[in-house]
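The values are calculated or read from the model by the stated rules, or taken from the named source; none is laboratory data. Please read all numbers here as calculations on a predicted model, not as lab measurements. Cβ sites come from the backbone with ideal geometry, for glycine too, and all protein chains shown count toward neighbours. Only protein heavy atoms, including side chains, enter the accessible area calculation; ligands, DNA and RNA are left aside. Shrake-Rupley method; radii C 1.70, N 1.55, O 1.52, S 1.80 Å.
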Amino acid sequence: MIQSTDSQLGKILVEMGRIDPDMIDAAMRDAHKSNESLDKIVVKMGMCEEDDVLEALANQLHLPYRRLTEITPDEQAMKLVTAEVADHYKVIPVELKSGILHLATSKPQDMYMIDDLRRHLGVELEIVVASKAEIEKAYNRLYGIGRAVMDQLDKEIDVSDMESSLSLSDNIDIDEMAADATIVKFVNQLIQEAVRDRATDIHVEPMEKELRIRYRIDGMLYEASIPPAIKKFQAAIISRVKIMADLNIAERRLPQDGKIKIRRGDKEFDLRVATVPTPYGESIAIRILSRSSELSTFESLGFTEEQKSLMRGMIAKPYGILFVTGPTGSGKSTTLYSALTEINSVDRKILTIEDPIEYRVPGCTQIQVNSSIGLTFARILRTTLRLDPDVIMVGETRDTETAKITIQTAMTGHLVFSTLHTNDACGAFTRLQDMGVAPFLIASSVEGVLAQRLVRVLCPSCKQPTEVEADLIRQVNMTREDASKLTFYRQAGCENCRYTGYAGRTAIKEIVKVNEGVRRKIVAHASASEIKGDAMKRGMKPIRFDGWEKIRTGVTTPEEVLRVTMEDEFNDEFAAGEDDAAPQEAATGQADE
């Protein structure tokens, strides 16, 4: 009987064009040997996706296959199927119509489960087939993350006792409660949801009447869908995170830092946890760093051919400094790692000083800063020269001492990479002067500066052509004639991008190569704007120019470029009128004087 059912399922998969007939025969033989069903075998062997199998299974059982992304909450159905029931059976109530409950499941052949639900709910069921992933997403959207956990805690714990515990009384042991299976499950679900949605940060923020949890995805914050009752369990949730990060859970008055290591599938992640006291409890920020990510290259970071040529010329130098500038979270470290990847070879000793070590680079000696024991950037830099390095990466030049030692290191014949916090590339020169570095040392040691910002990339699945307003055309320094020749796109929103219209980010950049003209300006104590003006005359292209290239190729939108760059940047730098050439035709490179 099982073989007959498998044979019918295999036939449907072949007819749907999802699998080759020869592959089905091999899968059938494997299923017979292992005594497993065909639907599990074809997914396990990677012959087709789970969605394909479920669609074929629905066809075989004469049941509807439904996408759950657009279903609207049916209050009557959700009252019947509580969050606890939905979580336990992994089902979603679609609608209650004429006394019949339409119920989505990824296990339509499990008759024991369906009969159990029919008895428990006391209504007639109409089964709908949906994938596990869609059921999980629909659950979080309809009920909120961890709603079943909250309901279970509500039953087990008296609310008045919980409110007392929030004022740090001894009625309930918060530490003991933080280890409770329900709290553990809720925190795990929060982290799992963040990792699945490609979030880089989780923010747990106590407010007066609520506990707000937000995810940062592609640089923007989005509020997580959580049940309102979560505020009652705030202290236990925060204690659980602190236990995971090996922090002092009794200390609630001082900021603390810790880390958590987790695994999801075959991927490993480091979570950096920071706590700070607020009037309504401790606020927590969790930075998510993937240890399994492949190192980026100039190509994957969106460098143009000209930018790659400039960068490769600077990192091929035997000594000097390359600075990467930009605000926090603009991808500076990722760019430096890509530069290290370019020059990483057996005949070079590369040493990095980082806080924290974000990526493991094979073949490089990487040192973790630990300020609590005095192991600072400056102290490590003083000792690294004894290790005979050829290239040194300093995670951040954040103080005068580090800046001066970094300059001295470059002057002694080493190639140095580092980051600075400045608004643009030319601001790095004045920033170093403000930190007490002599202008002649800056001019003789710095080879180049790259400034960058991250813009969100349009989702390829849902981006749509659009018309662009004249004001936006002017702000990115396009003429109407240029704009009429191009197709602009706007964000629409779909399931693949969580209805944001964007999926992933790319960098827009400006690169200043330090030539004789720039050196003279630095030594003469010129301002950042004067240095920038001179560099642009010699071919330096400002950051919005690179943004324009990303707009022109349909990678992002004008609004996104304007969001991350200075508002009046182009207006002051270019005086292009309606009939002038577009900026991409104005300059082709940075010539040495």
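In the stretch 357-374, how many residues are touching a helix residue (DSSP H, G or I) at 6+ places or on another chain (Cβ under 8 Å), without any contact (Cβ under 8 Å) to a residue 40 or more places away in the chain and either assigned to a loop (DSSP other than H, G, I, E, B) or open to solvent by 50 Å² or more (accessible area, probe 1.4 Å) (or both)?
Within the stretch 357-374, residues that are touching a helix residue (DSSP H, G or I) at 6+ places or on another chain (Cβ under 8 Å), without any contact (Cβ under 8 Å) to a residue 40 or more places away in the chain and either assigned to a loop (DSSP other than H, G, I, E, B) or open to solvent by 50 Å² or more (accessible area, probe 1.4 Å) (or both) number 3.
Quick grid of which residues meet (1) within 33 Å of the chain's Cα centre (by Cα); (2) modelled with pLDDT of 90 or more; (3) within 30 Å of S300 (Cα to Cα):
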site	(1), (2), (3)
E510	yes, yes, yes
K513	yes, yes, yes
R520	no, yes, no
A524	no, yes, no
S527	no, yes, no
D534	no, no, no
D546	yes, yes, yes
K550	yes, yes, yes
T556	yes, yes, yes
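Please enumerate the residues belonging to the stretch 342-356 that are open to solvent by 30 Å² or more (accessible area, probe 1.4 Å) and not basic (K, R).
Those that are open to solvent by 30 Å² or more (accessible area, probe 1.4 Å) and not basic (K, R): E342, N344, S345, V346, D347, D355.
For R216, only one of the following conditions fails: (1) open to solvent by 40 Å² or more (accessible area, probe 1.4 Å); (2) of a type outside the set (G, A, S); (3) at pLDDT 90 or above; (4) over 18 Å from the mean Cα position of the chain (by Cα). What is its number?
Tallying (1) open to solvent by 40 Å² or more (accessible area, probe 1.4 Å); (2) of a type outside the set (G, A, S); (3) at pLDDT 90 or above; (4) over 18 Å from the mean Cα position of the chain (by Cα), R216 fails exactly one: (4).
Inspect the stretch 177-193 for any residue being in contact with a helix residue (DSSP H, G or I) (Cβ under 9 Å, 6 or more places away or on another chain), part of a strand (DSSP E or B), open to solvent by 20 Å² or more (accessible area, probe 1.4 Å) and of a type outside the set (F, W, Y) and give the result as yes or no.
Among the residues of the stretch 177-193, not one is in contact with a helix residue (DSSP H, G or I) (Cβ under 9 Å, 6 or more places away or on another chain), part of a strand (DSSP E or B), open to solvent by 20 Å² or more (accessible area, probe 1.4 Å) and of a type outside the set (F, W, Y), which makes the answer no.
If the Cβ limit is 6 Å and pairs must be 6+ apart or interchain, which residue in the stretch 507-524 that is farther than 16 Å from F323 by Cβ pairs with which residue that is assigned to a strand (DSSP E or B) and hydrophobic (A, V, I, L, M, F, W, C)?
Taking only residues 6 or more apart or on different chains, the pairs are I508/V455.
Restricting to the stretch 243-264, and then to whatever is without any contact (Cβ under 8 Å) to a residue 40 or more places away in the chain and open to solvent by less than 70 Å² (accessible area, probe 1.4 Å), can you tell me which residue is farthest from the chain's Cα centre (by Cα)?
E251
Filter the stretch 58-117 down to residues that are in a loop (DSSP other than H, G, I, E, B) and open to solvent by less than 20 Å² (accessible area, probe 1.4 Å) and give me whichever is modelled with the lowest pLDDT.
Going through the qualifying residues, I end up with I71.
Take the residues in the stretch 115-135 that are aliphatic (A, V, I, L, M) and in contact with a Ser or Thr (Cβ under 8 Å, 6 or more places away or on another chain), then tell me which one is farthest from A58 (Cα to Cα). Working first, answer last.
Within the stretch 115-135, the subset aliphatic (A, V, I, L, M) is 117, 121, 123, 125, 127-130, 133, 135.
Subsequent filtering for residues that are in contact with a Ser or Thr (Cβ under 8 Å, 6 or more places away or on another chain) retains 127-130, 135.
Details: I127: 10, V128: 8, V129: 6, A130: 9, I135: 15 Å.
The residue in question is I135.
Being free of Cβ contacts under 8 Å to residues at least 24 places away in the same chain and of a type in the set (A, V, I, L, M) is the filter here, so list the residues in the stretch 214-242 that pass it.
L221
When you look at A410, is it of a type outside the set (V, I, T), surrounded by 20 or more Cβ atoms within 10 Å (Cβ to Cβ), modelled with pLDDT of 90 or more and out of contact with any His (no Cβ under 8 Å at 6 or more places or on another chain), yes or no?
yes
Given the conditions (1) more than 26 Å from the chain's Cα centre (by Cα); (2) within 22 Å of Q408 (Cβ to Cβ); (3) of a type in the set (A, V, I, L, M, F, W, C); (4) not in a strand (DSSP E or B), report the number of the one that L336 does not fulfil.
The single condition L336 does not satisfy is (1).
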